[in-house]
Amino acid sequence: MKIIDKFNEAKGRTLFSFEILPPPKGRHFEDIQKAIEPLLEFEPAYINVTYHREEYVYKKREKGYLEKVAVRKRPGTVGICAAIKYKYNIDTVPHLICGGFTKEETENALIDLSFLGIDNVLALRGDPVKTETHFVPTPGGHTNALGLVQQISNLGKGIYLDEDMQDGEPLEFCIGVAAYPEKHVEAPNLAMDIEFLKKKIEAGASYAVTQLFFDNRHYFRFVEACRQAGITVPIIPGIKPISRKSHLTYMPKFFHVEIPEVLARAIERCSTDKEVEEVGTEWAIQQCKELIKAGVPSLHFYTMGRSTQVQKIARQIF
Ligand code: FAD
């Protein structure tokens with residue numbers, strides 16, 4: 001079932017959804033089960049599975065030469081989505097990224113998804129590879145998420161890449177896109193970032209999911225600014241509870257988000273990880289309660305391998 005239909009059917013009730021990462025290469029489906037099963041009691045409306053592009057590492061070769069080798073550390077997004085869907089009867093949302101894909105490969109992935117009965121995707125540009133300072137488009141691939149949304153949307157109209165298949169069998173997907181209440185790091189300003197978001201919606205995206213945030217005011221202001229800019233689609237808040245002291249620097253560094261002073265100081269005062277987790281859990285509970293009161297369509301949790309913390313939060317709010 002398409003995610004947008006789930007929001008419409010919920011008629012104002014806030015749904016529960018979450019994101020998982022594919023396990024590192026060589027691990028098994030049991031890892032996925034461990035991530036999902038603690039959260040089944042909350043009847044997730046859908047589960048997102050992230051996509052991880054290749055990373056480059058240098059391997060030492062004979063005579064001291066270094067060889068640059070591409071390694072994909074967390075493969076399996078499409079297979080994991082299908083396995084979850086058919087094992088638990090829960091809709092899944094694979095993330096599709098531009099980086100590392102030609103348009104042809106993207107089309108093939110969409111055809112695979114369609115055969116697997118998956119009709120939702122989250123269309124993203126993807127981050128730069130770790131060894132590069134900025135995003136470098138893959139030759140034959142898309143430069144940003146807008147191009148990817150256009151391609152997926154075209155397929156929904158039966159327009160394939162092959163010029164002889166411009167009136168083919170339509171493959172329809174409900175498309176979600178990313179949004180950034182505190183602005184995407186590369187955007188010149190929030191107003192222009194919202195303009196780019198609007199373009200993705202106009203190209204066929206049905207809803208947006210936000211980057212994680214710790215201060216609901218950022219989310220509320222952002223939604224207000226989007227509405228003023230004419231964006232009417234659901235904007236799903238992304239929630240990530242803090243669980244370690246190192247998150248005080250990790251979250252701002254990697255996700256370009258602010259940690260409110262009260263929260264940061266409370267975490268600094270903690271002497272154990274258990275205490276940090278308690279503070280982070282309580283903060284997320286209060287965030288979620290306020291967001292539910294505001295009538296958000298879904299609370300989307302970034303589990304990052306910590307389902308039991310999300311379980312504690314969900315027990316207080318669902
Ligand atoms: P875009 O929408 O393409 O925007 C990228 C930048 O370009 C922005 O600064 C935007 O303002 C600017 N821009 C957009 N259009 C234009 C234009 N026409 N002209 C000039 N500038 C423009 N990454 C992964 O690798 N795998 C994942 O699974 C993954 N999941 C994510 C899930 C969520 C909910 C979110 C919020 C992020 C996720 N990311 C993931 C990270 C994401 O790939 C990065 O944040 C990436 O840097 C931007 O992706 P985007 O889709 O928002 O890009």
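Coordinate-derived values only; no laboratory data. What you see is a predicted model, and the numbers here were worked out from it, not measured in a lab. Quick reminder, even Gly has a Cβ in these numbers, built from the backbone with ideal geometry, and neighbours come from all protein chains shown.
Below are the figures for this structure:
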item: Restraint check, Lys2/Lys200; Lys11/Lys87; Lys25/Lys198; Lys183/Lys253; Lys25/Lys199; Lys6/Lys85, Cα-Cα greater than 25 Å; result: Lys11/Lys87; Lys25/Lys198; Lys25/Lys199
item: Kirkwood hydrodynamic radius of segment 2-89, Cα pairs, Å; result: 15.6 Å
item: Segment 1-48 - percent relative contact order, Cα under 8 Å, separation 6 or more; result: 53 percent
item: Distance histogram for segment 24-148 (every C-alpha pair counted, 5 angstrom bins, percent rounded to whole numbers); result: 2, 10, 17, 19, 18, 14, 10, 6, 3, 1, 0, 0
item: Net charge contributed by nearby residues that have their C-beta within less than 15 Å of Pro128 (K/R +1, D/E -1); result: -1
item: In order through segment 263-273: 3J(HN,Hα) via Karplus (6.51 cos²θ - 1.76 cosθ + 1.60), integer Hz, x for Gly, Pro; result: 5, 4, 5, 4, 5, 4, 6, 6, 9, 10, 5
item: Within a Gaussian network of the chain (alpha carbon springs, distance under 10 Å), most fluctuating of Tyr250, Tyr51, Tyr302; result: Tyr250
item: Segment 127-205: radius of gyration over Cα atoms, expressed as a fraction of 2.2 N^0.38 Å; result: 1.28
item: Relative contact order %, segment 3-317, counting alpha carbon pairs below 8 Å whose residues are six or more apart; result: 18 percent
item: Hull volume in cubic angstrom per residue (convex hull over the Cα atoms of segment 41-110); result: 126 Å³
item: Trypsin sites (Lys or Arg not before Pro) within segment 16-87, DSSP loop, no more than 12 other Cβ atoms inside 10 Å; result: Lys25, Arg27, Arg61
item: Shape call, segment 230-318: gyration tensor on alpha carbons, a/c limit 1.5; result: prolate
item: Net charge of neighbours whose Cβ lies under 14 Å from the Cβ of Lys60, counting Lys and Arg as +1 and Asp and Glu as -1; result: +2
item: Pairwise centroid distance, computed over Cα atoms, of segment 260-292 with segment 102-169, Å; result: 38 Å
item: FRET efficiency for Ser246 and Lys130, using Cβ-Cβ distance with R0 set to 22 Å, rounded to 0.05; result: 0.75
item: Shape category assigned to segment 3-317 from the gyration tensor of Cα positions, a/c cut at 1.5; result: rounded
item: Segment 163-184 residues near the modelled Asn8 label - backbone nitrogen below 14 Å, point 7 Å along Cα→Cβ; result: 173-175
item: Mean Cβ count within 10 Å, highest first, over the residues of peptides 130-139, 168-177, 37-46, 226-235; result: 168-177, 37-46, 226-235, 130-139
item: Most mobile listed residue (Leu146, Leu96, Leu161) in the chain, GNM with C-alpha springs under 10 Å; result: Leu161
item: Using θ = phi - 60° and Karplus 6.51 cos²θ - 1.76 cosθ + 1.60, couplings along segment 132-139 (whole Hz; Gly, Pro as x); result: 10, 7, 9, 5, 10, x, 6, x
item: Candidates Gly141, Gly26, Gly126: whichever shows maximal mean-square fluctuation once the chain is modelled as a Gaussian network with Cα springs under 10 Å; result: Gly26
